[in-house]
Amino acid sequence: MNITNVFQRLFYYIKRDKRFVYYDWFCNNLKLNRTEIIELQNELIKGIVIYAYNNTKYYRDLLDRNRIDPYDIDNKEKLKEIPILTKDDIANNINKIKSKDLYSKDLKKITSGGSTGNQSVIYKSKYLIEKTYAASMRNNLIANWLPSDKVLFIWGAPYENKNFNKSILLKISFWVNRRYILNAYNYNEESFNNWISFIKKKKIKVIYGYATILKEFAEFIVKHKIEIAGIKSVISTSEKLENRKLISKAFNAKVYDQYGCREILGIGIEDFNGNMNIADDNVVLNVGLNNELIVTALHSYGFPLINYQVGDIGSVKDLNNTNYDSLPFSKMTLKIGRETENFFNYEGNTISSSSLSTALSTYNIKIKEQQIIQKAHKSFVVNYIPKEDFDYDKYKEAVINIFSKYFGENLDVIFEQVSKLNKEKSGKKLMFKREF
């Protein structure tokens with residue numbers, strides 16, 4: 001343990017935040033063998049199911065209606081007996097899912113990023129927030145990312161940067177955790193030069209960002225034959241990872257893919273061999289119809305998420321024959337079908353569509369799905385499927401406000417309510433699409 005880590009632990013101890021206590025617990029689980037991890041997961045499954053049944057009206061009614069004894073659900077396969085929890089289920093039963101115990105006293109409202117085209121609102125208890133942050137920190141170790149490493153977040157939601165600039169506590173937190181954030185919401189080649197200077201000046205060890213931005217940044221570095229030394233790991237998130245070799249060449253570092261979502265952090269991380277490790281002591285990952293990913297958050301006390309349909313489509317191959325000597329977790333090849341295309345404005349800047357979806361999510365609009373198509377620099381078509389109590393004026397205002405800031409005034413935006421969103425030839429939905 002180095003001096004930075006000691007200081008980090010002291011900071012969170014003073015804040016009465018137990019993430020490092022939980023981090024130590026997750027790290028100790030790395031010493032377990034495969035059988036022991038399964039036994040631990042089974043205990044966690046039993047715990048969250050019985051808890052949900054005893055403390056929430058939604059799960060008591062659900063299990064009783066389906067004649068399911070919560071005490072019988074004690075492993076990953078039996079968990080499948082509980083009906084899937086959709087985003088519509090949550091929206092229609094949000095107060096019934098909240099627990100009636102002390103965990104519900106400090107619930108925090110979370111809006112999903114909406115990169116799948118379907119946004120949702122959930123709640124997290126302080127316990128779940130700290131526990132899943134700890135799980136993510138432990139998962140990062142698998143990708144050679146230590147809590148004390150200097151990390152550059154190439155990120156990009158305007159409201160997140162706005163909150164960062166306003167919050168002294170958030171700034172202190174970033175400083176303690178040695179994290180730096182660069183706004184990648186609106187960027188160009190000049191931005192890339194600035195980022196390179198920043199990386200060298202701060203002696204960054206880990207780079208974390210959207211897959212599409214990492215790819216474009218890497219192309220720029222390789223094209224201009226720029227040398228960057230000292231990077232340990234590059235972590236891709238939120239989108240389908242492509243051009244892995246190019247990114248690795250640009251940063252002279254190993255590239256790792258990470259899987260998680262705003263609702264449930266720390267689901268999976270790749271190891272050095274490229275296998276996706278599912279954090280079996282934090283989640284259960286199952287696959288439903290049409291390769292829909294179904295996740296149970298094992299520590300979601302206060303607002304249980306059991307068999308939650310996150311909205312991602314992926315192909316999963318269980319690698320049960322893999323040697324578990326080094327890591328005891330489920331090994332899977334996990335290919336997320338979350339794809340997106342970035343937009344351009346007249347100034348030649350790239351506008352991150354992942355950031356656009358995050359910005360739109362902050363308006364908490366009651367919408368099932370959406371697809372935004374950029375026809376030209378100032379021309380867009382917005383296809384949407386509304387939920388009940390959908391506020392069209394609020395939705396239109398949100399889109400126009402956000403897009404005007406980055407694409408200018410006098411926009412041509414056509415809003416079309418549809419019954420379903422069209423898929424690409426690949427069979428996947430493209431939530432942000434550029435046609436020029």
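The values are calculated or read from the model by the stated rules, or taken from the named source; none is laboratory data. Keep in mind the model is a prediction, meaning the values are calculated, not measured. For neighbour counting, all protein chains shown are included, and Cβ atoms are generated from backbone atoms with ideal geometry for every residue, glycine included.
Taking (1) farther than 27 Å from LYS98 by Cα; (2) in contact (Cβ under 8 Å) with a residue 60 or more places away in the chain; (3) surrounded by fewer than 16 Cβ atoms within 10 Å (Cβ to Cβ) in turn, ILE37 satisfies each apart from (3).
The set of residues in the range 195-215 being touching a Phe, Trp or Tyr at 6+ places or on another chain (Cβ under 8 Å) and part of a helix (DSSP H, G or I) consists of TRP195, PHE198, LYS202, ILE213. Looking only at residues in the range 55-77 that are surrounded by 17 or more Cβ atoms within 10 Å (Cβ to Cβ) and of a type in the set (Ser, Thr, Tyr), the one that is nearest to SER125 (Cα to Cα) is THR56.
Residue-level check: of (1) surrounded by fewer than 22 Cβ atoms within 10 Å (Cβ to Cβ); (2) farther than 20 Å from ILE226 by Cβ; (3) at pLDDT 80 or above, PRO158 misses just (3). Number of residues in the range 233-261 that are in contact with a strand residue (DSSP E or B) (Cβ under 6 Å, 6 or more places away or on another chain), in contact (Cβ under 8 Å) with a residue 60 or more places away in the chain and assigned to a loop (DSSP other than H, G, I, E, B) equals 4. Could you count how many residues in the range 78-88 are crowded, with 19+ Cβ neighbours inside 10 Å and either at pLDDT below 95 or of a type in the set (Asp, Glu) (or both)? The qualifying residues number 1. Taking the criterion of being surrounded by fewer than 20 Cβ atoms within 10 Å (Cβ to Cβ) and of a type in the set (Phe, Trp, Tyr), the residues of the range 358-400 that qualify are TYR363, PHE390, TYR392. Across the range 343-381, the number of residues qualifying as more than 23 Å from CYS261 (Cβ to Cβ) and β-branched (Val, Ile, Thr) comes to 3. Annotation for the range 301-317: no member residue is buried (at least 17 other Cβ atoms within 10 Å of the Cβ), among the aliphatic types (A, V, I, L, M), modelled with pLDDT of 80 or more and over 14 Å from ASN286 (Cα atoms). Selection of strands (runs of 3 or more DSSP E) fully inside the range 348-436 by the criterion of at least 2 residues being out of contact with any Lys or Arg (no Cβ under 6 Å at 6 or more places or on another chain) and of a type in the set (Phe, Trp, Tyr) returns 379-386. Residues considered: LYS18, LYS57, LYS31. Of these, the only one that is in the same structural domain as GLU130 (by TED's automatic domain parsing) and within 25 Å of the chain's Cα centre (by Cα) is LYS18.
Looking across the range 236-271, the residues that are under 30 Å from VAL121 (Cβ atoms), surrounded by 23 or more Cβ atoms within 10 Å (Cβ to Cβ) and among the β-branched types (Val, Ile, Thr) come down to ILE264, ILE267, ILE269. Scanning the range 59-89 for residues that are touching a residue at least 60 places away in the same chain (Cβ under 8 Å) and either in contact with a helix residue (DSSP H, G or I) (Cβ under 8 Å, 6 or more places away or on another chain) or part of a loop (DSSP other than H, G, I, E, B) (or both) returns TYR59, LYS76, LEU79, LYS80, ILE82, PRO83, ILE84, THR86.
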